[in-house]
1. Which cross-chain or sequence-distant (5 or more) residues have an amide H under 5 Å from the amide H of Phe35, H modelled 1.01 Å from N in plane?
2. Once you put a point 7 Å from the Cα of Leu66 and another 7 Å from the Cα of Val41, both along the Cβ direction, what distance in nm separates them?
3. Determine by what factor the alpha-carbon radius of gyration of the stretch 1-43 differs from 2.2 N^0.38 Å, reporting the quotient.
4. In nanometres, what is the gap between the two model label sites at Leu29 and Arg3, each 7 Å from Cα along Cα-to-Cβ?
Amino acid sequence: MNRSIVKLAGYVIGFGSLFVIWHLASVYLLNSVLFPPPARVIGKAVELARDGTLWENASISLVFRLVSLLARSPSCGASWSLIQSSYASSRQRP
């Protein structure tokens, strides 16, 4: 029991230090729009979750990942590659 608590504490400290380093780097080192502090990122994620935009975009991304995962299986791979190639060829302009 004691050993698992120590192991968990190590993970928590490591994860927390990641956020501390991120905050310090974004506020004092870079101070850029392209590298916002974690508090601003979390605040925006909460805002997008409340209005539903986050869930809509996340569900679309998950569907793409699922289709990609299924397309890699041997039974679906050939048909998925045909679908992709026909879509890609229809987008090209002559």
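No value in this document is a laboratory result; all are computed from the given coordinates. Predicted, not measured: the structure shown is a model, and the values here were computed from it. Ideal geometry is used to build each Cβ from the backbone, glycine not excepted, and the neighbour counts take in all protein chains shown.
1. Those lying under 5 Å, H to H, from Phe35: there are none.
2. 2.7 nm
3. Details: Rg = 14.0 Å, N = 43, 2.2 N^0.38 = 9.2 Å.
After normalising by residue count via 2.2 N^0.38 Å, the value is 1.53.
4. 3.6 nm
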